[in-house]
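The values are calculated or read from the model by the stated rules, or taken from the named source; none is laboratory data. If you're wondering where the values come from, they're calculated on a predicted model, not measured in any experiment. Cβ placement follows ideal geometry from the backbone for every residue including glycine, while neighbour counts extend to all protein chains displayed. Note: accessible area is taken over every heavy atom of the protein model, side chains too, but ligands, DNA and RNA are not part of it. Shrake-Rupley method; radii C 1.70, N 1.55, O 1.52, S 1.80 Å.
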Amino acid sequence: SDSFQEVLVNIERPTYKKPFLGGFRNMRTGVEFHNAGSQTRCPKRPDKGIQLFCRETQTVWEKNKRQQTRNTTSTQMTKIGLYVSNMTDKLISPGKYFTAEEYHRRRLEAVIVLQKYLRRWLAINVVQNLREQKRLRLAWEAQEELRKKREKEEKLRREYERKLNPKTKEDFELLYHDLELWIQEETERINRTLTGAERKAALCELLEQEAQLIACFERYKLNAKEENQQKAKLHLLEKCAQPKRWRAFDGKITEMDTRHTLRARELLEIYRSISTKDVPKDERTDVLLTLRCTLKEHECKLTQEIMELIDREVDLMTRDVKECNLEGLRKRICTLFFQFIKIPKFNPEVAGLLKVPQDPLKLCKNIYFCHSCENYLPSSEFLILTNSHTIGRCCLCYKLDNEARQRESFLKYRLILENLRKSEADYQDDAKIFSFVQLPDLQYMIENIWNSQSALSAWSELYDLVMVRWDKQHEWSPWNTILLTKEEADAHLKLCNLEKAYEDAFIDRIKQKHIRAKNYFARIPVMSSFLHRSDNQAHAS
C-alpha cells in the first residue's frame, strides 16, 4: 500500500458519435441516466472477397409477370371416321418475298420522307423567324426615322426660337452667322445680275439693311443683358441663402442653417419684394418700411442714401404720382440695395462668392493686360490656346472681332467639345489630354483633319457628330480619336477587335489622320510630353 507506480493508459477517442443505447430518468429528482457502451473497439470482420450488403440495401422490389411456358400440342385433321369443321379456318397465302436489301431500302425511303417533312417544317420556322425579324427591323427603322425627324424638327424649332428671342451669346452668334450668310448670298446675286450704277446702289442699300439689322441685334442684346444681369443677381443671392450641406458616413445629406445663411435669406426676401413690379401701394409701403428697419442697423453713407430714396418714394406715393414716373427711383433703390448686399460686412456669406477678392494681395495675382481693349482682367477672361506662348486678347475682344469680321458660329464645335468632355469623364480612368484641348484646336481638327464629316458615312451635319476614342483601351487624344455620328459611335465603342471589324484600307486612312494630328500637336510643349508617353506605350505593347 505504500508503493506507487505510474501506468500509461491509452485512451482511444471515438471518431463517431456514440449511439443512444437507452436509459431512464429518476421520477423524484428528474436526473437522467444513460446506458453506457463498451469502450473497446469491435473486432473487424475479415474480408472474404465477397461484396456484402447492409440491411438498408437488402430490400428488393418484386414484380409479378406471367409467362407462358412451352406446351407440346397437336392439330386434329379430318380423317376416316372423324369430321372436323373448317368453317373458322383461314386461307393464308404467302406474300411477295423481299430481301434484306429491299427491306433496308424501304426503310431508307421512309426515313427520307420523314426528313423531307421535318426539314420543310424547320424551313417554315426559319422563314417565319426571318419575317418576324424583318418586321421588327423595319418597325425599328421607321421608329428611328420618325425619332430623327422629330429631333430635327425640334432642333430647327429651338434654333428658330433662339434666333427670334436671343438670350445668350451663342444665340447672337447664330444671328450674326446667319446675317453673314445672307450678306454673302445677296452680294453674289447683285454682282451676278447688276452692273454699273445699279450695282453700287444695290450694294449701298444692302449695307443700310445690314446696319439696321445690326442695330436691331444690339437692342436685343441690351435687353438680354439686363435680364441676364437680374438672373445673375438672384442666383448669387440664392447661393448665399443656401444652407450648409455635407454627406454623412451613411450617405445621408445633412443641412444646417447658420446665422450668416439666415441673414442672407432675409436680405434675399427683401430684395425680391422691392424688385417686384405691379405691387399695391400698401404692400409697397410695408416693404419699404421693412427695408428701412433693416438698414438702420448699419450706419454708413450707402445706407443713408438708400433711406433718403425710400423717404422720397413714400412721399411721392402719398401724392399719387404715377407708377411710370417712379420706375427710375425704384431701380436706383434696387441697385443700391444690391450693392449693400454685396458688402461682406453686412452679408458675410457673400465674401466667398465675389469675383473680385476683398484682399488686395489676392487681387494682384493672375491679372493680365489686354492689348486690344487696354484693360487689366483676370486670367479667366482670356482665351489661351494650347499653341500660344503669350497672353493675347481677352474673350470680349475676340467676340467683338468675330462679330465684326468673320461672324462664325462656334455652337456646333462647342457641343462636340462638351460631349467629348462628358464621355471622357464617364470613363473615370484619369484621362488628362482632353482637358487641354480648346475650342479652336477642336475646330482645326474637325475642319482640316476630319473634313467636317463622319469617317464612316461621310455625314456632314455637325449637330449629329461626336468625337470618341479610336481605341477605347487608351485615353482619348488627338491621335486616338475618330469623328462619327452618334449611332456609329455607339456601335464603334462596342467593338473588341478593330482589325477584324474594319478593312485595312479604312484603318490606314484613320492612322494617316492620326499622324497629321500628331504633327500639329507636337509643336505644343504640353502635348508633346503626352505624345512621347503614348509612343513609348505603343512600342512597349
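Results, tabulated for the structure shown:
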{"read-out": "Test: residue in segment 87-104 that is modelled with pLDDT under 75, exposed (fewer than 10 other Cβ atoms within 10 Å of the Cβ) and farther than 30 Å from Glu12 by Cα", "value": "no"}
{"read-out": "Criterion: assigned to a loop (DSSP other than H, G, I, E, B) and either charged (D, E, K, R) or open to solvent by 40 Å² or more (accessible area, probe 1.4 Å) (or both) - qualifying residue of Asp286, Asp278", "value": "Asp278"}
{"read-out": "Test: residue in segment 335-356 that is among the basic types (Lys, Arg) and not in a loop (DSSP other than H, G, I, E, B)", "value": "no"}
{"read-out": "Residue list for segment 162-177, restricted to those being part of a helix (DSSP H, G or I) and open to solvent by less than 50 Å² (accessible area, probe 1.4 Å)", "value": "Glu170, Asp171, Phe172, Glu173, Leu174, Leu175, Tyr176"}
{"read-out": "Unmet criterion (only one of (1) open to solvent by less than 80 Å² (accessible area, probe 1.4 Å); (2) closer than 20 Å to Lys169 by Cα) for His235", "value": "(1)"}
{"read-out": "Any hit, segment 409-419, residues being under 25 Å from Lys513 (Cα atoms), under 23 Å from the mean Cα position of the chain (by Cα) and surrounded by fewer than 13 Cβ atoms within 10 Å (Cβ to Cβ)", "value": "yes"}
{"read-out": "Residue tally, condition without any contact (Cβ under 8 Å) to a residue 24 or more places away in the chain and of a type in the set (Val, Ile, Thr), over segment 317-342", "value": "3"}
{"read-out": "Flag if Asp508 is among the acidic types (Asp, Glu), part of a loop (DSSP other than H, G, I, E, B) and surrounded by fewer than 16 Cβ atoms within 10 Å (Cβ to Cβ)", "value": "no"}
{"read-out": "Residue in segment 198-209 that is touching a residue at least 40 places away in the same chain (Cβ under 8 Å), open to solvent by less than 70 Å² (accessible area, probe 1.4 Å), not assigned by the TED database to the domain that holds Thr485 and not charged (D, E, K, R) present", "value": "no"}
{"read-out": "Unmet requirement for Thr261, which otherwise passes all of (1) free of Cβ contacts under 8 Å to residues at least 40 places away in the same chain; (2) hydroxyl-bearing (Ser, Thr, Tyr); (3) more than 19 Å from Gln339 (Cβ to Cβ)", "value": "(1)"}
{"read-out": "In segment 364-404, residue modelled with the lowest pLDDT [restricted to those that are open to solvent by 70 Å² or more (accessible area, probe 1.4 Å) and in a helix (DSSP H, G or I)]", "value": "Ser380"}
{"read-out": "Test result for Trp470, touching a His at 6+ places or on another chain (Cβ under 8 Å), closer than 16 Å to Leu493 by Cβ and in contact (Cβ under 8 Å) with a residue 12 or more places away in the chain", "value": "yes"}
{"read-out": "Test: residue in segment 405-412 that is at pLDDT 85 or above and not β-branched (Val, Ile, Thr)", "value": "yes"}
{"read-out": "Complete set of residues in segment 431-447 that are touching a residue at least 12 places away in the same chain (Cβ under 8 Å) and open to solvent by 70 Å² or more (accessible area, probe 1.4 Å)", "value": "Lys432, Phe436, Tyr444"}
